[in-house]
Protein chains: 2
Amino acid sequence: MAPAQGLKYIGTRPVRPDGLEKVTGRANFGADHAMPGMLHGKVVRSPHAHARIRSIDTAAAEAVPGVLAVITAQDFPDRTNFSFGRKGFNENLLASNKVLYHGHAVAAVAATSSEAAEAGVAAVVVDYECLDPVTDALQAMSPDAPILHEDLITQGLDEPPTKASNVSRKQVISKGDVDAGFAAADEIVERTFVTPMVHQGYIEPHACVGNFNEDGQATVWCSTQGHFGVRSMTAMAMGMDEGDIRVIASEIGGGFGGKTTIYLEPLALKLSQKSGRPVKMVMTREDVFRATGPASGTVNTVKIGCKRDGTIVAMYAKLIYEAGAYPGSPLGPGAMCIFAPYDVGNVLIEGYEVVVNRPRVAAYRAPGAPQSMYAGESVVDELADRIGMDPIDFRLHNAADEGTRAAYGPTFGPVGLKACLEAAKAHPNYARPLGDDEGRGVAAGFWFNGGNQSSAEVHITDTGMVKIVEGSPDIGGSRASMALMAAETLGVPYERMRIRVADTDSTGYCATTGGSRTTFATGLAVIRACEDVIRQLKSRAAATWEIEPDQVEWSDGEARPVAGVNVEAEPLSLAALARTAGRTGGPISGRASLTAQGAGPAFSVNLADVQLDRETGRATVTSFTAIQDAGTAIHPDYVEGQMQGGAVQGIGWALNEEYIYDDNGVLDNPGFLDYRVPVASDLPMIDTQIVEVPNPNHPYGVRGCGETPIVAPLAAVGNAVSHAVGVRMTELPLSPPKVLEAITNGS
Amino acid sequence: MAPAQGLKYIGTRPVRPDGLEKVTGRANFGADHAMPGMLHGKVVRSPHAHARIRSIDTAAAEAVPGVLAVITAQDFPDRTNFSFGRKGFNENLLASNKVLYHGHAVAAVAATSSEAAEAGVAAVVVDYECLDPVTDALQAMSPDAPILHEDLITQGLDEPPTKASNVSRKQVISKGDVDAGFAAADEIVERTFVTPMVHQGYIEPHACVGNFNEDGQATVWCSTQGHFGVRSMTAMAMGMDEGDIRVIASEIGGGFGGKTTIYLEPLALKLSQKSGRPVKMVMTREDVFRATGPASGTVNTVKIGCKRDGTIVAMYAKLIYEAGAYPGSPLGPGAMCIFAPYDVGNVLIEGYEVVVNRPRVAAYRAPGAPQSMYAGESVVDELADRIGMDPIDFRLHNAADEGTRAAYGPTFGPVGLKACLEAAKAHPNYARPLGDDEGRGVAAGFWFNGGNQSSAEVHITDTGMVKIVEGSPDIGGSRASMALMAAETLGVPYERMRIRVADTDSTGYCATTGGSRTTFATGLAVIRACEDVIRQLKSRAAATWEIEPDQVEWSDGEARPVAGVNVEAEPLSLAALARTAGRTGGPISGRASLTAQGAGPAFSVNLADVQLDRETGRATVTSFTAIQDAGTAIHPDYVEGQMQGGAVQGIGWALNEEYIYDDNGVLDNPGFLDYRVPVASDLPMIDTQIVEVPNPNHPYGVRGCGETPIVAPLAAVGNAVSHAVGVRMTELPLSPPKVLEAITNGS
């Protein structure tokens, strides 16, 4: 399965299939669907961060003119006998017992207008018994902290696991003997780093329309990264068979991991079931901030020891990840990724997940890795400083490569870390002399990439057009990359490809778009479905020529007899074979479904230069270089776009973004004015350099490229700021007050 | 491929998949789709039946407030070099040169409201040069008739084909020596019969929404019997590649053949292209009558000779079919079917198609056969009378059977005509004594049934539900029949089937639903797709048990090792295998695409009793018995429903329905008040008896059952009325004035 040589379409940069519709505004997003008779649904949210629900009285709400349905958790299947995890998932959708964060949903109202629905929301009476909130992970771990879940007793903690705590998980990864390693070290650096809870900042709020029919079957339109996942989760919440729900994915205005779960869909369906009408629900921006899934805030301690020659001998981390109100943080991938760039014999990673009175976290691009690797790459940087070694050389000296066994388990095949480091070293941006108040940071990033289940169908029209059907919502160019791989496989121009993300009833199962799995796994299904088509094309040509199918080869978009077969035959193109398909056996369609194995891990190296304003403490990124092993770049524009987008989000996380809670556990900055993501004027052009070390487990060498870009920027920017200030800074965001404080007080 | 014995689901009568949605009103029909910013399109129609278009001035229309687009034929590809047939198809959509019937479309207007569109229609100025219309086939054949198409020169007419005429086609079918046959006959009957132009009378008028995007791709929502056909025809009219059009079929409120072609779709798309907005077009009932495709009026002469013992020795027919304004009548099938029930050595059928200033005809249930077989079965009836033989015995004596070579070509396999005749003979309705002024008629019917291209995909959910996806609009129960065949093939209950008619982008090609092909051909694709699923289920089970796939059998919904394989293995159900699919190789999906061969011809025998009101001339059907060989009846309720529906439509055609034109070629009765289809109070219960002679070319023996039911009622009712009156009547409809005239004057 070595990547094909002499590629014709892969690696080109054609116009994206969805481009024109998005530019003209014709594309339909989550909130753009409407149905006759549709109601508007609104959510009643908790004004308290931590409280017991004594009762909910919906009578007044039901009496509001225009209100046709009010629901509470009582309308859903009884959760008494659910597993802890399943109960938590459902409680997060609609609380029955306790509210665990400010904005937690407790009821929902559907009415003939938004205004009536809001009046209904205001009329729902909830009797709360308020409890002390705890929104900070370290406080939540203290023995006298308020307990969120009285039934959360976690195995593997130091104390005997007999009583409830807020620590919901402990995880350990180890390799070699870390104590012996540190004993042999010449230099050791140990520091603790804090990263804030941040939001993905997708532009499009969550939105859906639910329609529940009298025959017990339902349809959901929504903005999601995985409509098959929405189907399963909604079915579970509703107590339905997933086969009775059809989910139609709209175009998506950003997700970045945050649209891999559900908030509104079961509420809309239940309101529809109760009212007999379709129900639309759209979040406000404030709802999105208060009650969807941000990224974990973390407190991570890292200790690394090395020899004087730069050889790292031991790496240790203690990771503490906030899960929000219910377990489910990306502690696991954070622990997997932190030391993956280094070929080191002695590694120990201890991880703790902690529940706090904040919204339940969700995935955010390479979930968990930016936080842990911010800590890891900061200490690596400091250690390189300490021994006086160039930070790239230091990393090259210890870099993981083909054959390295990562602490989290696998032994790498060909990987591109060294190539990225060498590219960084050679990059003109790394040679540019720094001016006054400038600092430069280097950091490596890593994501293992995903595989999972995918399906695809390919239908050939009479006119020889190629209709590709698959079930992976396109969050970052997967339609373009799949059309290119199909064009390459079939030998038919990209312009003849038409690709559609079909609903859950109309195409085979595809797991959620995430983990940088889609171009790899769904792409593999598309390639296999095209091969199924080619099999048929060869057999049609063989029948035409009265030879055997194995005497026909398919190359450059045409069937021709293999060398040595003695037959007079002009090559037959896909278009020619399609035109006569009705007479040669019927329509030509192919399909494939698979569980993709062999995802290719992807490393990156980022360079960041920052300029300090010593009066205000503002750090401005003046140059940013993203270098990444994407495996084969199917559509390089998109790969570069992913690298740029990840860099920008990482810069925001490093410099500005944070959830700010008051003492009552109320988020103070639930809007884009106070939660400030970087805008174009904050940023330099993000320079990109794609390194292509093909993944041997994919026909065209795809690795996946959407996650890795966000991993290194936090540390690259953090290291740059620390160098510019002259003080090692350890708490994100490196916002002006903190930087000014460091400049002023030197700590 | 003998039909399976011991069927479990096939032959049962479960609730239809689309039943509840239709009962509750949730089902969406053609006019139910709406889009934001949508315009309303209206058609400018000719007030003349025959005229040359000198010019069309759209300036005033374009100036009407709210009008955003006006189109004429000039907006479509130039037709100069089109073939005659293609030109006619396009001219029928929008005339550029001549209007050929009253109501012919000449322009279309899109505006922000229906009212504005109507004002725009009124403001379009068309300068016509009026020509004499000819709306009658015999007149149109006369040498001095006005000529519709100056470039219509038909091969094979008696005169040398050097000058234009209104005869657009001649067709001959022959077998043996018909002159010798008649020479050997003891009795000969020859008569000429007239049948009127009639409409299918579907309840739902044609409706669509067209949306043309800036990227040259378009979407059409419409009510149709074949959205893949709409795609091809619309692409042809627009000058687009069909791959650039996605067609979504709504639920359909009746079609009966009339929705196998297009009228509005290219107009809506062109208006959308010009205005940049989606455009909705909905016909009025009057539009439907004046300008869609009714069934051909015909003038058919039949001459049959037999021996005194009842042996038919020669059959001759001269068929004249009106095509309406452009060629395309069902003369061919009319000629194929007329004498198919009889095993006769000498047959000659001469057919003529004639263009007249009426709307272009379209398919109507067994297109062409009811008209020709009305003539044929009337003469057969009279001949039986003449030799004093029971009409069923007479037919039994001459009945086609397995091995009979039909005049139109094929040699029949097992067919059910004799079984139907015997069932008729034995039926209690045939034994009921007739009262005063009652008459009884017998007639046979025939339709060859269709095959053609179909595709299907089958996806298994994690929960073991079976999602069937196909592209055949369900006009009479095909979703139910396919779900039953899938249930039978997989051995999984019908209740676990979910079936969807997907759009043209999301499923493999399926030819138009018509010709009674769908349960046969698309059903075959569904069965083959289920077999593809079973192959995978067996291979997953084999991997689980560590044996070879060919050591696994699939029976009764479970995989089990074949007898003799020495392995400890509990049977694995589809649900069990589906649950673990992600771990055993990925999602389970199947597909099939094929050109179905071996459709099974279907015979019917109908018995009709009528009661005359001698004062008014009204003939009332008092008993009607429809007996038909359906092959295996997959869902018997639906088969009976088809038989009843066809009988009712045939009774309407026999007794009441007709297009009435004035001297100017204007239809006088374009509405259901004056064009009176039978309603429940006009009818007796239609008794049905399904005969099941399985089609050996289908795994479950399906023949197809939607066409045949309308073929025999015209002659059965006609024979009954002739017997009741005591005069052979030869012109449909047998409406009160005609019957009264026959009663009064004896002719």
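The values are calculated or read from the model by the stated rules, or taken from the named source; none is laboratory data. Note that the structure is predicted; figures quoted are calculated from it, not measured. Reconstructed Cβ throughout: ideal geometry from the backbone, glycine too, with neighbour counts over all protein chains shown. These area figures cover heavy atoms from the full protein model, side chains too; ligands, DNA and RNA do not enter into them. Shrake-Rupley method; radii C 1.70, N 1.55, O 1.52, S 1.80 Å.
Points to keep in mind about this one:
- Net charge, A:I245 excluded, C-beta distance under 11 Å - Lys, Arg +1, Asp, Glu -1: -3
- Label-to-label distances for A:P65 across copies, nearest first, come out at 3.2 nm, using points 7 Å from Cα in the beta-carbon direction.
- With contacts taken as Cα pairs under 8 Å and at least 6 residues apart, chain B reaches a relative contact order of 16 percent.
- Filtered chymotrypsin sites (Phe, Trp or Tyr not before Pro), the range B:633-710: DSSP coil and at most 16 other beta carbons within 10 Å: B:F672
- The residues of the range A:366-437 expose on average 35 square angstrom of accessible surface per residue, using a 1.4 Å probe on protein heavy atoms.
- Burial here means at least 20 square angstrom less accessible surface with every protein chain in place than with the chain by itself, probed at 1.4 Å; in the range A:585-600 the buried residues are A:G585, A:P587, A:S589, A:R591, A:S593, A:T595.
- Expected 222 nm ellipticity per residue - DSSP helices of 4 or more, -39500 (n - 2.57), all of chain B, to 500: -8000 deg cm²/dmol
- Accessible carbon and sulfur surface of the range B:599-648 relative to its total accessible area, %, 1.4 Å: 46 percent
- Summing charges over all other residues whose Cβ lies under 14 Å from the Cβ of B:P571, with Lys and Arg as +1 and Asp and Glu as -1, gives -2.
- Taking a ≥ b ≥ c as the square roots of the eigenvalues of the alpha-carbon gyration tensor, chain B is classed oblate because a/c is 1.5 or more while a/b is no larger than b/c.
- Solvent exposure of the range B:195-293, expressed per residue, is 22 Å² of accessible area, with all protein chains present and a 1.4 angstrom probe.
- Per-residue ³J(HN,Hα) for the range A:538-545, Karplus 6.51 cos²θ - 1.76 cosθ + 1.60, θ = phi - 60°, Hz, x for Gly and Pro: 5, 5, 5, 5, 4, 5, 4, 8
- Over all pairs of different C-alpha atoms in the protein assembly as shown, the reciprocal of the mean inverse distance, the Kirkwood hydrodynamic radius, equals 35.9 Å.
- Label-point distances for B:E495 to the equivalent site in the other copies, using a point 7 angstrom along Cα→C-beta, read 5.5 nm when ranked shortest first.
- Placing a label point 7 Å from the Cα of A:R54 along the Cα-to-Cβ direction, the distances to the matching points in the other copies come to 9.0 nm, shortest first.
- Applying the Karplus relation 6.51 cos²θ - 1.76 cosθ + 1.60 with θ = phi - 60° to the range B:255-263 yields 3J(HN,Hα) values of x, 6, x, x, 10, 9, 10, 10, 10 Hz, where x marks Gly and Pro.
- For the range B:102-145, the residues whose backbone nitrogen is under 12 Å from a point 7 Å from the Cα of B:E286, taken along Cα to Cβ, are B:103.
- Cα-based Kirkwood hydrodynamic radius, the range A:640-689, one decimal, Å: 12.3 Å
- Heavy atoms of chains B and A lose about 4300 Å² of accessible surface on contact, summed over both sides with a 1.4 Å probe.
- Cα gyration tensor shape of the range A:10-49, rounded if a/c is under 1.5, else prolate or oblate by comparing a/b with b/c: oblate
- Accessible surface computed residue by residue for the range A:49-150, with neighbouring protein chains in place and a 1.4 Å probe, gives 42 Å² per residue.
- Within the accessible area of the range A:28-165, the carbon and sulfur atoms contribute 52%, probe 1.4 Å, all protein chains present.
- Hydrodynamic radius of the range B:205-266 by the Kirkwood approach over all distinct alpha-carbon pairs: 11.5 Å.
- In the range A:478-511, the residues that give up 50 Å² or more of accessible area when the other protein chains are added, compared with the chain on its own (1.4 Å probe), are A:R498, A:R500, A:D505, A:S506.
- Relative contact order (percent, whole number), the range A:423-501, Cα cutoff 8 Å, 6+ residue spacing: 24 percent
- Derived scalar couplings between HN and Hα for the range B:311-327 equal 7, 6, 10, 7, 9, 10, 9, 10, 10, 10, 10, 6, 9, x, 5, 9, x Hz in order, rounded to whole Hz, by the Karplus curve 6.51 cos²θ - 1.76 cosθ + 1.60 (θ = phi - 60°), x for Gly and Pro.
- At an R0 of 51 angstrom, the distance between the Cβ atoms of A:D309 and B:R583 translates into a FRET efficiency of 0.65.
- Relative to the compact-globule estimate of 2.2 N^0.38 Å, the Cα radius of gyration of the range B:16-113 comes out at 1.42.
- Net charge, B:T580 excluded, C-beta distance under 11 Å - Lys, Arg +1, Asp, Glu -1: +2
- Cross-link reach list, lysines versus B:K538, counting only Cα pairs under 28 Å and skipping chain neighbours closer than eight places: A:K538, B:K8, B:K467
- Considering only the protein assembly as shown, percent of DSSP beta bridges that pair antiparallel, nearest 5: 75 percent
- Residues whose amide H comes within less than 5 Å of that of B:V44, counting only those at least five positions distant or on another chain, are B:V106, B:A107, B:A108, B:V109 (H built at 1.01 Å from N in the peptide plane).
- Annotation: amide H of B:L68 within the under-5 Å range of B:A110, B:A111, B:T112, sequence separation 5 or more or interchain, hydrogens built in the peptide plane.
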